[in-house]
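Some notes on the structure that comes next.
What follows is calculated from the coordinates using simple rules that are stated; it is not laboratory data. Given the structure is predicted, the values throughout are model-derived calculations rather than measurements. Note that each Cβ is placed from the backbone with ideal geometry, even for glycine, and that neighbours are counted across all protein chains shown.
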Amino acid sequence: MKLFKAKQISIILILVLILGLTACTNSNDTNNEDNSGDSTDNQNKSIEEIAVSFVKDLINGEYDTAYNDYEFDSKMKEAVNPSSLQAAIDQLKGSLGDFVKIVDKTQTSQDGYEIISVTCEFENDYMNLNVVFDQDSKIVGFNFSNVEDFSKTAEEMPDNIEEQEVIVGEGKWQLPGTLAVPKGQGTFPAVVLVHGSGPNDRDETVGPNKPFRDIAWGLAEKGIAVLRYEKRTKEHAQKVVDVIDEFTVEDETIDDALLAVDLLKSNDKIDNDRIYVLGHSLGGYLVPRIATQDEDISGFVILAGPTRHLEDLMVEQIEYLSSLDGNITDEEQAQIDAAKNAREKIKDPNLDLDTNFNELFGGNPKYWIDLRNYDPAKLAKELDRPILIMQGKRDYQVTMEDFNNWKEELQDKNNVIFKTYDKLNHLFMAGEGDPNPTEYGIKGKVSQDAIDDIAIFINGKK
């Protein structure tokens, strides 16, 4: 694998509503199979044929063809462009390795849309590339999802825990989830896991890695129940597109985290006096806002939580990744300049609400305006409930600068504990050398030391 170039960068902190995963690498020929998309006469094709052709064009790097030769609805046409399609596929290949072949195709219906899932085998695992059509056979969405019937990363659940499927919330935004509970009688302390940015599944899957599953199983083995759930932007991607102009972090993250806490309160196996919230990345950034909306939450864990404005981190990530090979090309510099221009627009007090999302790192103007005056560390200072703040020193996405900001603001508070880990990256998995996105495509495990520290924090608060 080669190191990233700027145009291939994965940005985990960005709001990715239609496209998203993590990491990226070079593309590969498609296993000597004829995967060239025939897009010349899509009007005479079934939506399955259109979806397969569209996916083949993307896999083969025909991004201009994929954007120009297929019929998108107006929102999809505005939300994506050839570069964003390339970024999504680069990210996918970086997480899962080289493309191998298409192994299956399925069609499902949801909320008036037809979804063609093209199941693809990659070097490290399988993934559905989902093409969403409206009733006029226009493409209205494109996203990725895990494949239940194929897996190269399946693991056995520990014998001393059990899991049950649950539903978080109700109505149009209800979310499927999994509650991991220690075996045995009695009530247990519990924690809700709150995702980072992008359309995450309940395991916060990144390539072959499943950090939220690691945390859930690890804590359940230590007597702590753990609730994880599909993120709204993954489970209801098309519904989100319908309300995208008004979408903020309240919709993306906060509302569902609070509903997950409510679900735990109603479970007779859970000790209602010991319910915690753990936020990772964007989830950690939003922990103080979650805390202010539910006084019954007992305490909080912040994993790699940013303290700075997200648009500043976007520029920092792009600059860092562009410099990894020691050479910033003209193309990379152009992307850095574009990122700085986006940051300038986001910070503009007169930001136009009609600004195209592609000019704002993929988020709508109201999303950014909502966060403009938010300072998570200052808000956390108002909290008197226990907080554990954890940071990997090899994290290039949320860095020690953010951790030090938490510490500077909160170091005099006796309810806050700080922990750092020399070898851990953004996923709290160990690595060596300069951190880079290619390591997300290597199967790892969340550090046992980190899991132990979370367990001690929660189990010690009686």
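If you wrap region 339-462's Cα atoms in a convex hull and average its projection over all directions, what's the area in nm²?
Numbers: hull surface 40.3 nm².
Directional mean of the projected Cα hull area for region 339-462 stands at 10.1 nm².
Summarising the label geometry, the points placed 7 Å from Cα in the beta-carbon direction at Asn160 and Lys77 lie 6.0 nm from one another.
Please give the length that would be gained between Ile442 and Gln411 if that part of the chain were fully extended, namely 0.36 nm times their separation in residues minus their C-alpha to C-alpha distance (nm, one decimal). Write out the running numbers ahead of the final one.
On the way: separation 31, 0.36 × 31 = 11.16 nm, distance 3.55 nm.
Additional length available on full extension: 7.6 nm.
The modelled label-to-label distance between Asn356 and Asp111, using points 7 Å beyond Cα along the C-beta direction, is 2.5 nm.
If both residues of a DSSP beta bridge must be in the chain, then about 60% of such bridges are antiparallel.
For the cross-link pairs Lys269/Lys443; Lys183/Lys265; Lys419/Lys445; Lys93/Lys419; Lys239/Lys443, the ones whose C-alpha atoms lie over 28 Å apart are Lys269/Lys443; Lys93/Lys419; Lys239/Lys443.
Model label points for Lys101 and Asn44, set 7 angstrom from Cα along the Cα-to-Cβ axis, are 2.9 nm apart. With the charge dipole of the chain set up from +1 on Lys and Arg Cβ and -1 on Asp and Glu Cβ about the Cα centre, the Cα lying farthest toward the positive end among the listed residues Ile328, Thr178, Gln135 is that of Thr178.
Decide, for region 311-365, between rounded, prolate and oblate: order the square roots of the alpha carbon gyration tensor eigenvalues as a ≥ b ≥ c, take rounded if a/c falls under 1.5, and otherwise choose prolate if a/b is larger than b/c, else oblate. It comes out prolate by the Cα gyration axes.
Using C-alpha pairs below 8 Å separated by at least 6 residues, the relative contact order for the chain is 17 percent.
Centre-to-centre separation between the Cα atoms of region 412-432 and those of region 310-345: 26 Å.
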